[in-house]
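The values are calculated or read from the model by the stated rules, or taken from the named source; none is laboratory data. No experiment lies behind these values; they were computed from the predicted model shown. Every residue, glycine as well, gets a Cβ built from its backbone with ideal geometry; the counts of neighbours run over all protein chains shown. Protein only, heavy atoms only, side chains kept; ligands, DNA and RNA dropped before computing areas. Shrake-Rupley method; radii C 1.70, N 1.55, O 1.52, S 1.80 Å.
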Amino acid sequence: MAELFKLLKDGNKPSLMAACVNAFLGIIKGIAFFLTGNVAMFAEMMHSLGDAANQLFVYIGSALSKKAPTKKFPSGFGRIVNLVCLFAVIIVAILSYETIKEGWHHFIHPTGESSGVLIALGVLFIGIVLEGTVLAKAAVEVLHEAGQEKAGITSIPKAFNYLNRAKPATKLVFMEDLVATSGNILAFIAIVIAHFTGWTRIEGLVSMIIGAMMFYVVGKVFLDNARGVIGETDEEMLNHIAHLVMDDPNIKDIVRLEVIKEGEFLHVELVAEADPKLSLAFLDDVRDHLTEVILSQKGVSKVAILFDEDDGKASWIHLGDRPNHEL
């Protein structure tokens with residue numbers, strides 16, 4: 001139990017913050033829905049509760065993924081966060097379906113104007129502020145994980161350029177809160193339009209739009225984490241590490257280089273060619289130096305290096321463009 005609490009302290013902080021905020025918003029939106037009967041508020045309640053459960057699972061998964069490797073699991077537990085994210089999107093998918101179904105029902109069979117408009121608008125305004133705050137913090141975390149500096153109010157648009165370099169948990173929080181903030185704004189606009197025009201169908205229409213946005217997050221997160229579970233190569237880091245290796249004067253060629261994403265971390269396996277005249281003791285020093293250099297790269301947690309004798313031919317093939325070349 002002590003180990004569990006220690007791991008939880010290192011869990012993804014944006015996801016924990018998002019879980020707490022969404023749980024609070026889900027409760028007050030649920031109260032507002034029962035008081036007003038507003039279907040757009042129902043959609044937002046489902047969205048917030050789904051995000052809260054989602055992000056709590058992601059927080060726990062991100063913490064457990066940092067557990068040290070064991071004899072039974074020598075590669076570690078990095079992919080747990082991907083598995084948890086896959087489980088989490090199932091919850092969002094179910095709630096997305098219910099949101100769209102309820103919105104369609106209200107669009108086809110609209111009820112009279114909802115009561116308690118000010119209550120609904122007040123709750124949604126709170127949601128916009130809180131979700132926007134979490135989104136901004138998630139954007140800053142995306143930039144931090146990508147090695148970029150904060151950009152003030154432009155952090156959110158800037159984060160889109162570096163989203164693929166963020167950790168799975170941070171990326172999920174950013175995408176979900178982007179949709180959540182947008183959903184709050186759409187629901188706010190829909191209630192105002194319905195109140196002043198009497199066209200209550202718009203609340204059902206917005207509910208379906210929110211549900212569709214949730215489905216988009218489901219699809220995007222599912223594909224990203226499915227690749228992570230299988231074991232995806234980090235192409236950018238692979239190319240970077242290949243250059244670092246070939247910069248060593250004792251390395252003649254690369255036979256094989258793999259940089260595999262293990263949850264939030266990268267595992268590197270390298271087979272390099274060296275001069276067969278070099279002693280084992282010298283090659284051991286070369287291995288230690290390369291291991292230190294590679295481990296110093298962002299996100300790399302494990303390195304395995306083997307040597308083969310130089311055959312005088314350039315055999316390294318970059319995965320991106322495939323022609324033979326020396327780096």
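How large is ³J(HN,Hα) for each residue in the stretch 5-17, as worked out from phi by the Karplus curve 6.51 cos²θ - 1.76 cosθ + 1.60 (θ = phi - 60°), to whole Hz, x for Gly and Pro?
Running phi through 6.51 cos²θ - 1.76 cosθ + 1.60 with θ = phi - 60° gives 5, 5, 5, 4, 5, 9, x, 5, 5, x, 5, 5, 4 Hz.
For the stretch 203-327, what is the convex hull (Cα atoms) projected area averaged across all directions, in square nanometres? Kindly include the intermediate steps, with their values, before the conclusion.
Working: hull surface 38.9 nm².
Projected over every direction and averaged, the Cα hull of the stretch 203-327 covers 9.7 nm².
Could you give the length gained by full extension between ILE94 and LEU306, i.e. 0.36 nm per residue of separation minus their alpha carbon distance, to one decimal place?
On the way: separation 212, 0.36 × 212 = 76.32 nm, distance 4.76 nm.
Result for the pair: 71.6 nm of gain on full extension.
Within the stretch 1-103, report the trypsin sites (Lys or Arg not before Pro) that DSSP leaves as loop and that have at most 14 other Cβ atoms within 10 Å.
Details: sites: LYS6, LYS9, LYS29, LYS66, LYS67, LYS71, LYS72, ARG79, LYS101; in loops: LYS66, LYS67, LYS71, LYS72, ARG79.
Listed in order of number, the matching sites are LYS71, LYS72.
Express the accessible area of the stretch 233-307 per residue in Å², computed with a 1.4 Å probe while the remaining protein chains stay in the model. Don't skip to the answer; put the middle values down first.
On the way: 3740 Å² over 75 residues.
Per-residue value: 50 Å².
Taking 0.36 nm per residue of separation and subtracting the Cα-Cα distance, what length does fully extending TYR162 through LYS9 add?
On the way: separation 153, 0.36 × 153 = 55.08 nm, distance 2.58 nm.
Contour length minus Cα-Cα distance gives 52.5 nm.
Test of understanding: express the Cα radius of gyration of the stretch 44-93 as a ratio to 2.2 N^0.38 Å, with N the residue count. If you can, show how the numbers build up before the last one.
Values: Rg = 13.1 Å, N = 50, 2.2 N^0.38 = 9.7 Å.
That works out to 1.35 for the stretch 44-93.
Over all directions, how big on average is the projection of the convex hull of the alpha-carbon atoms in the stretch 163-252, in square nanometres?
On the way: hull surface 31.0 nm².
The orientation-averaged projected area of the Cα hull of the stretch 163-252 comes to 7.8 nm².
Explain nothing, just the number: dipole magnitude of the stretch 233-307 about its Cα centre with +1 on each Lys and Arg Cβ and -1 on each Asp and Glu Cβ, in debye rounded to the nearest 20.
Numbers: 7 positive and 16 negative charges, 20 e Å.
For the stretch 233-307, the charge dipole is close to 100 debye.
Just the number, please: carbon plus sulfur as a percent of the accessible area of the stretch 233-307, 1.4 Å probe, no ligands or DNA/RNA counted.
Values: 1990 of 3740 Å².
For the stretch 233-307, the apolar C and S fraction of the accessible surface comes to 53 percent.
If you place +1 on the Cβ of every Lys and Arg, -1 on the Cβ of every Asp and Glu, and leave all else neutral, what size is the dipole of the stretch 53-144 about its Cα centre, to the nearest 20 Debye? Walk me through the intermediate numbers first.
Working: 7 positive and 5 negative charges, 173 e Å.
Approximately 820 debye in magnitude.
Contact order normalised by length for the stretch 233-307, with contacts defined as Cα pairs under 8 Å and 6 or more residues apart; what percent is it?
Details: 104 pairs, mean separation 22.8, N = 75.
Here the relative contact order equals 30 percent.
Let me have the relative contact order for the stretch 1-229, percent, based on Cα pairs under 8 Å that are six or more residues apart.
On the way: 373 pairs, mean separation 66.0, N = 229.
Computed over the stretch 1-229, the figure is 29 percent.
Taking amide H positions as placed 1.01 Å from N in the peptide plane, with prolines and chain starts having none, which residues 5 or more places from VAL255, or on another chain, fall under 5 Å of its amide H?
VAL271, ALA272, GLU273
If amide H atoms are built 1.01 Å from N in the plane of the peptide, which residues on other chains or at least 5 residues away come under 5 Å of the amide H of GLY76?
Close amide H contacts, sequence-distant or interchain: THR70.
Taking the Cα centre of the stretch 62-148 as the origin and placing charges on Cβ (Lys, Arg +1; Asp, Glu -1), which of TYR97, ALA68, LEU124 is farthest toward the positive end of the dipole?
ALA68
Any chance you could tell me what percent of the C-alpha pair distances in the chain go past 37 Å?
Tail of the P(r) past 37 Å holds 32 percent of the pairs.
More than 18 Å apart: what percent of Cα pairs in the stretch 233-307 qualify?
Details: 904 of 2775 pairs.
It works out to 33 percent of all Cα pairs.
Give me the distance between the Cα centres of the stretch 153-224 and the stretch 36-113, rounded to whole Å.
Distance between centres, Cα-based: 14 Å.
Check which residues have an amide H placed less than 5 Å from TRP199's amide H, if you skip close sequence neighbours.
Residues meeting the amide H criterion: none.
For the pair THR154 and TRP104, what calculated FRET efficiency results from E = 1/(1 + (r/R0)^6), where r is the Cβ-Cβ distance and R0 = 30 Å, to the nearest 0.05?
On the way: r = 38 Å, r/R0 = 1.25.
Step by step, r from the Cβ atoms, then E = 0.20.
Output wanted: per-residue J couplings in Hz (rounded whole) for the stretch 255-261, from phi through Karplus 6.51 cos²θ - 1.76 cosθ + 1.60, θ = phi - 60°, x for Gly and Pro.
7, 8, 9, 10, 10, 9, 6
Out of the stretch 141-212, which GluC sites (Glu not before Pro) are coil in DSSP terms and have no more than 12 other C-beta atoms within 10 Å? Present the calculation step by step, with values, prior to reporting the outcome.
Numbers: sites: GLU141, GLU145, GLU149, GLU176, GLU203; in loops: GLU149.
Here the sparse-neighbourhood loop sites are GLU149.
Show that you can apply the helix-only estimate: for the chain, add -39,500 (n - 2.57) for every DSSP H stretch of four or more residues, divide by all residues, and state [θ] at 222 nm to the nearest 500. If you can, show how the numbers build up before the last one.
Numbers: 10 runs with 209 residues, N = 327.
It lands at -22000 deg cm²/dmol.
Return the FRET efficiency for the residue pair ASP284, ALA314: r is the Cβ-Cβ distance, R0 is 22 Å, and the value is rounded to the nearest 0.05. All intermediate terms of the calculation are to be shown ahead of the outcome.
Values: r = 25 Å, r/R0 = 1.14.
Calculated value: 0.30.
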